[in-house]
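**Student:** I have a structure here, written as structure tokens, and I will follow up with some questions on it.
Read the figures in this text as sums done on the coordinates, not as results from a lab. Remember, predicted model here, so these are calculated numbers, not experimental data. All Cβ positions, glycine included, derive from the backbone under ideal geometry; neighbour counts span all protein chains shown.
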């Protein structure tokens, strides 16, 4: 237990700053993450090996996956 009443299964250090949004796609076994380190990442779900990392000029605050059209929208403080 980690003091919060929840058990840590794995701890991953993929980003250099706080992760603001996270999504898992079971069909493709991919993890999508947006972080304050200004990088949007797509990682392999099992190994968490990086598939693609897309840098941005600002902190990334949120994201939304449009599964039907296979798109991802990422938001910053500015919009």
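**Student:** Once you put a point 7 Å from the Cα of residue 51 and another 7 Å from the Cα of residue 64, both along the Cβ direction, what distance in nm separates them?
**Tutor:** Each label point is offset 7 Å from its Cα along the Cβ direction, giving 2.2 nm.
**Student:** Could you tell me whether region 35-79 comes out rounded, prolate or oblate from its Cα gyration tensor? Rule is a ≥ b ≥ c as square roots of the eigenvalues, rounded for a/c under 1.5, then prolate if a/b exceeds b/c, otherwise oblate. Don't skip to the answer; put the middle values down first.
**Tutor:** Working: a/c = 2.53, a/b = 1.24, b/c = 2.05.
Here region 35-79 falls in the oblate category.
**Student:** With each label point set 7 Å from Cα along the Cα-Cβ vector, what nm distance links residue 18 and residue 36?
**Tutor:** 0.4 nm
**Student:** How large is log10 of I(q)/I(0) for the chain at q = 0.21, 0.24 Å⁻¹ when the intensity is taken from the Debye formula with one equal scatterer per alpha-carbon?
**Tutor:** With one equal scatterer per Cα and no solvent, log10 I(q)/I(0) is -0.98, -1.16.
**Student:** Residue separation times 0.36 nm, minus the C-alpha to C-alpha distance between residue 71 and residue 25: what's the value?
**Tutor:** Computed gain between residue 71 and residue 25 is 15.3 nm.
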